[in-house]
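Each remark here refers to the structure printed beneath this line.
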Amino acid sequence: MSRATASYSGVPRWIVAVAVIGAAFVVLPLAAMVVRVNWAEFIPLITSPASVDALWLSLRTSVISTALCILLGVPMAIVLARTSFWGQKVLRSLVLLPLVLPPVVGGIALLYTFGRRGLLGQSVEVLGVTIAFSTTAVVLAQTFVALPFLVLSLEGALRTVGTRYEAVAATLGARPTTVLRRVTLPLVLPALVSGAVLSFARALGEFGATLTFAGSLQGVTRTLPLEIYLQRETDPDAAVALSLVLVAVAVVVVALAHQAGESEGLRFWRRRSA
């Protein structure tokens, strides 16, 4: 690519103007929240026992949920992208359904599946295991709403890169698992990282399904979004301070992961060009 092409910026001015308006639409509410923060009481507000419990619970459960999304979502995306079977379009629609469902509907579905009188809940209840209104329920609710983000990102990347390199590896005698580990996953690693980041961010901000399926018990199921919602009614300053903390955590995580994804993508294309 020539230097002239690399530095090309012939974007119509009206596109830039609309982009500025869109950016302002996102940035101005965040700026308004920053202005509203009571900075004199900021540290005491975010370090209260309830706030700290909610923050650590959110981070802990979001990490576990993201791991589950990777564990379950990678095989799902590969099957959807690399195989063809009857009912595939219907299955894809169902897998991506949580993207458009109101979270509270997802919470109700989980409750009637894993609750004490649910489809599977009755069976595990006999074994002395209670899922609903526990920390496990928080993880399941977050995974339910976050999983489609990883599947959608990874399936799109798999379809984009095609199957050329996988076919070459297979003709050279590589087993399917070896092809998956040495060819397929490295090809789509940036998309996998991006999908994991989206899943983590969605899990971190989950509210409706968690409240419906897990309730709001401090230190057990009350995540940071639930704590913000409760504080909004009793202590607006605390709600704004905690909201800013949630925004800061999300921005840091997304920025770091985006940088990691870009770096991995550059390393891959350099290895490919070598």
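The values are calculated or read from the model by the stated rules, or taken from the named source; none is laboratory data. Values in this document were obtained by computation on a predicted structure and should not be read as measured data. Ideal geometry is used to build each Cβ from the backbone, glycine not excepted, and the neighbour counts take in all protein chains shown.
General remarks:
- Of all the listed residues (78, 46), the sole one being surrounded by 13 or more Cβ atoms within 10 Å (Cβ to Cβ), modelled with pLDDT under 90 and aliphatic (A, V, I, L, M) is 46.
- Filtering 80, 30 for residues that are within 26 Å of residue 191 (Cα to Cα), within 26 Å of the chain's Cα centre (by Cα) and touching a residue at least 24 places away in the same chain (Cβ under 8 Å) leaves a single hit, 80.
- Candidates 57, 80, 72, 94 - the one that is of a type in the set (A, V, I, L, M) and closer than 28 Å to residue 228 by Cβ: 57
- Some residue of the stretch 251-270 being of a type outside the set (Val, Ile, Thr) and either modelled with pLDDT of 85 or more or at positive phi (or both): no
- Residue match in the stretch 53-60 (condition: over 30 Å from residue 163 (Cβ atoms), without any contact (Cβ under 8 Å) to a residue 60 or more places away in the chain and either surrounded by 14 or more Cβ atoms within 10 Å (Cβ to Cβ) or in contact with a Gly (Cβ under 7 Å, 6 or more places away or on another chain) (or both)): yes
- None of 210, 221 is outside any helix (DSSP H, G or I), buried (at least 19 other Cβ atoms within 10 Å of the Cβ) and modelled with pLDDT of 90 or more except 221.
- In the set (1) assigned to a helix (DSSP H, G or I); (2) surrounded by 20 or more Cβ atoms within 10 Å (Cβ to Cβ); (3) β-branched (Val, Ile, Thr), residue 168 fails one condition alone, (2).
One line per residue, one yes/no per condition, for (1) modelled with pLDDT of 90 or more; (2) in contact with a His (Cβ under 9 Å, 6 or more places away or on another chain); (3) over 22 Å from residue 76 (Cα atoms):
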position	(1), (2), (3)
115	no, no, yes
119	no, no, yes
124	no, no, yes
128	no, no, yes
134	yes, no, yes
146	yes, no, no
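- Against the list (1) assigned to a helix (DSSP H, G or I); (2) of a type outside the set (D, E, K, R); (3) surrounded by 11 or more Cβ atoms within 10 Å (Cβ to Cβ), the condition residue 17 fails is (3).
- Listed by position, the helices (runs of 4 or more DSSP H) contained in the stretch 83-164 that have at least 3 residues being in contact (Cβ under 8 Å) with a residue 40 or more places away in the chain are 103-114, 135-161.
- Within the set 180, 189, 185, 158, the sole residue that is crowded, with 19+ Cβ neighbours inside 10 Å and closer than 27 Å to residue 63 by Cα turns out to be 158.
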